[in-house]
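I have placed the structure first, in the form of structure tokens, so that the comments after it can refer back to it.
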Amino acid sequence: MRIQDSVLDCIAFLYQLDDTPVGTAFIIGVPVDPSEKGKSVFVYLVTAKHVALRIQGKPFTVIVNGKDGERKRINCGKNNKWVYHMTDSSVDAAITSDPFDDASELDIKCLPFLDMVATPEKIQSLGIGIGDAIFSVGLFARYRETIRNWPIVRTGSIAMMPTEKVPIEIEDGKKVDADIYLIEARSVGGISGSPVFVRPTSQAWLATLSREFLILGLMQGHWDLKYYQDLLPTVDGDGSSGKGVNTGIAYVVPAYRILEILMCPEFETDRKKIRTEKGIQIA
């Protein structure tokens, strides 16, 4: 399965100012004028909530590639705000508005999130389910680039799509019930926050051929059997703890839960203000 290079350009690495890797983020865009898709977009950075909490209220660095072929460091202040799900604290996803003051020298692209999000309706109509191929793109914390960002790609398949909440372990050992998908793919430290894509294989999907793949969700963690005694999955750290045995089953925050954050009143108000200033009316 060949991954398009344009997908890699949507990936950003998150670091603390002391150059400690924190996780992966991906860049998405929402059209300023829906009638002119792709011409001008609101830009957002998406990552896992447990990643954002590590840098919330602290200066941090977003690393992306530049058009000159070298990686660029965008230093973000401690006042940079991450927005989480308003009503469900178990949703391990976070979004911040455009951290790139000037992207003219950056070699980045935005995922058209509204078109690519795997909503429950699309999942049903396109027959997305167990066995469909997936891939994630993110930071491999054990490899430190010196010139250019090189995301890694992990491949696998959907292993389970529960219709009920699943008990998981989040930061500080807290246990919650959350909406997640299970995938047959190893999640490692640094890849938390990575986008997970699905390539449906149903005849319904093949008949549309609208897109090669959709965004299934966001990589949250893996099912870690701590010496085969603890049966709760855990969020990924920096890959150095070695606390247990990685079963090879990772779990994913559904993309539609990320969409709920993106459509929260705070972001909607900001978009409405800018659209009003530009004289754009939304039906």
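The values are calculated or read from the model by the stated rules, or taken from the named source; none is laboratory data. In this text the structure is predicted, and so the values were computed from the model without any measurement. Note: ideal-geometry Cβ built from the backbone for every residue, glycine included; neighbour counts use all protein chains shown.
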Single residue of 131, 127 found to be farther than 25 Å from residue 262 by Cβ and at pLDDT 90 or above: 131
Extreme residue, modelled with the lowest pLDDT, among residues of the range 187-207 that are closer than 12 Å to residue 135 by Cβ and in a loop (DSSP other than H, G, I, E, B): 191
Single condition residue 76 does not satisfy, out of (1) modelled with pLDDT of 90 or more; (2) touching a Phe, Trp or Tyr at 6+ places or on another chain (Cβ under 7 Å): (1)
Residues satisfying the stated conditions in the range 116-125, i.e. under 21 Å from residue 3 (Cα atoms) and touching a helix residue (DSSP H, G or I) at 6+ places or on another chain (Cβ under 6 Å): 117, 118
Residue selected from the range 63-96 under the condition crowded, with 21+ Cβ neighbours inside 10 Å and aliphatic (A, V, I, L, M), by the criterion farthest from residue 222 (Cα to Cα): 64
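Which residues, counting only those in the range 208-237, are under 30 Å from residue 81 (Cβ atoms) and modelled with pLDDT of 75 or more?
214, 215, 216, 217, 218, 219, 220, 221, 222
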Selection count where residues are touching a strand residue (DSSP E or B) at 6+ places or on another chain (Cβ under 9 Å), modelled with pLDDT under 70 and either outside any strand (DSSP E or B) or under 15 Å from residue 215 (Cα atoms) (or both), scope the range 238-263: 4
